[in-house]
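The values are calculated or read from the model by the stated rules, or taken from the named source; none is laboratory data. What you are looking at is a predicted structure, and each value in this text was computed from that prediction instead of being measured. Neighbour counts are summed over all protein chains in view; Cβ atoms, including those assigned to glycine, are modelled from backbone coordinates with ideal geometry.
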Amino acid sequence: MTPSTPLDDATVGSLADRLCAASRTGIACAPVRDTIAADDAAGAYAVQQQLAQRRVAGGASVVGRKIGLTSPAVQQQLGVDQPDFGILFDDMGFQDGDAVPIGALLQPKVEAEIAFILGADLAEGPLDAAQVRGAVAAVLPALEIVDSRIAHWDITFVDTVADNGSSALYVLGQVRRTLDEIEPVDVEMTMFAGDAEVSSGTGAACLGDPLTALAWLARTALDFGQPLRAGDLVLSGALGPMYPIRPGEHVRAELRGLGTVSASFTAGSAGSPTGAAKDA
C-alpha cells in the first residue's frame, strides 16, 4: 500500500469530530467515505492518527497495534478486500477471565486472534519473514472486541481505517509461548458463547499465516511513519468470523497448541481496565 496525499487539516479534524461524537453520544454516525476517497489510505490514516492524538492527550498510552481485515470470512462480512491496522491503548486491555464492560459500545462483536509481543524493533531492514520471526518474543491467545462508530457497520476500507480499525477492547490469555513452541499458522481456533460454538478457523485464515500479517504490518506502519518497536503488542487479526456479543454472555476461545482465553461481558461502562497491556 502506497500512501496518497493526505486530507487537509480542517477536514481531518472534522471527520475526527464526527467519530468522537458517535463515541460520546452513543449514536452511530454516517460513514466518512462521503469525504475520503476510496483509494485515499493516507487520508483515512490521518483521521486515525488525529483520534490517537486526542486519546493520548486525554491520558491514554499507546501499547501497540491491531491488524484488521485479515480473514477472508471477516472481509466478506464487511465487504472489504484488504487488511488495515489500528492503534491499541492501555485503557483497552483486559486479562483472561475478566468481566469486560461493553455497555458504552455501540455495536460490539468479538473475534479470536493471536497476540504477539515484540522483543525487537521492526523499524528498518528488509522486514522479511526471518526478521519478523526473530523480533517476536512471545505469542498469546487473545480476544478482540471490535466496534464501529459508523451506523449498521456500513463500512468500506477508508471508514474502518479512519475509525481506528473499528477497535474497542481486547483480552489477553495468560499462557505465553515462543515461536520455538508454536507455529501460528498451525493454530486451530474454536470460539464459544456459553456452550454454543459461534466461530472457528485456523491461523492460515489470517493472510495465510499470522506472521505474514505481522510482516505486512511492519512494512505498512513504517510506510506511514509509525514503525513497530520492542515491547509493542500486536493483535494478528481474526482467525474466523466475528460474533455479535451481548451483555450477559461468556465467550471462550480455544486455540489449539496456544491455549484458551475467555471473558464475561457486562452491561457496564469501561472504567479502569486491569492493565493487561501494561503488563504485556
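Looking at region 102-121, can you tell me whether even one residue there is in a loop (DSSP other than H, G, I, E, B), modelled with pLDDT under 95 and buried (at least 20 other Cβ atoms within 10 Å of the Cβ)? No, region 102-121 has no match at all.
Entry remark, region 10-60: residues being over 13 Å from ASP159 (Cβ atoms) and in contact with a Lys or Arg (Cβ under 8 Å, 6 or more places away or on another chain) number 3 in total.
Kindly provide the set of residues from region 74-97 that are part of a loop (DSSP other than H, G, I, E, B) and crowded, with 18+ Cβ neighbours inside 10 Å, ordered by number. Quick ask: steps written out before the conclusion?
Start the filter on region 74-97 by keeping residues that are part of a loop (DSSP other than H, G, I, E, B), which leaves 79-83, 96-97.
Answer for region 74-97, where residues must be part of a loop (DSSP other than H, G, I, E, B) and crowded, with 18+ Cβ neighbours inside 10 Å: VAL80, PRO83, ASP96.
Of the strands (runs of 3 or more DSSP E) entirely within region 225-269, those holding at least 1 residues that are small (Gly, Ala, Ser), in contact with a Pro (Cβ under 8 Å, 6 or more places away or on another chain) and surrounded by fewer than 24 Cβ atoms within 10 Å (Cβ to Cβ) occupy 259-266. For first residues located in region 200-221 and in contact (Cβ under 8 Å) with a residue 60 or more places away in the chain and within 14 Å of GLY64 (Cβ to Cβ), partners that are in a helix (DSSP H, G or I) and not polar (S, T, N, Q) and lie 6+ apart or on another chain with Cβ distances below 7 Å form the pairs LEU214/VAL132; ALA218/VAL132.
So, VAL146, is that one in contact (Cβ under 8 Å) with a residue 24 or more places away in the chain, under 30 Å from PRO31 (Cα atoms), in contact with a Ser or Thr (Cβ under 7 Å, 6 or more places away or on another chain) and not charged (D, E, K, R) or not?
Details: in contact (Cβ under 8 Å) with a residue 24 or more places away in the chain: yes; under 30 Å from PRO31 (Cα atoms): yes; in contact with a Ser or Thr (Cβ under 7 Å, 6 or more places away or on another chain): yes; not charged (D, E, K, R): yes.
So VAL146 passes the test.
Here is a check on your reading of the model: is ALA168 surrounded by 22 or more Cβ atoms within 10 Å (Cβ to Cβ) and modelled with pLDDT of 95 or more? Yes: the conditions hold for ALA168.
Can you find a residue that is touching a helix residue (DSSP H, G or I) at 6+ places or on another chain (Cβ under 9 Å), under 20 Å from ALA193 (Cα atoms) and surrounded by 19 or more Cβ atoms within 10 Å (Cβ to Cβ) anywhere in region 122-138?
no
Any residue that is aromatic (Phe, Trp, Tyr), farther than 25 Å from PHE89 by Cα and not in a loop (DSSP other than H, G, I, E, B) - is there at least one of those in region 191-210? Yes, region 191-210 has at least one match. Of everything listed in (1) crowded, with 16+ Cβ neighbours inside 10 Å; (2) modelled with pLDDT of 95 or more; (3) more than 16 Å from VAL136 (Cα to Cα), the single unmet condition for LEU217 is (3).
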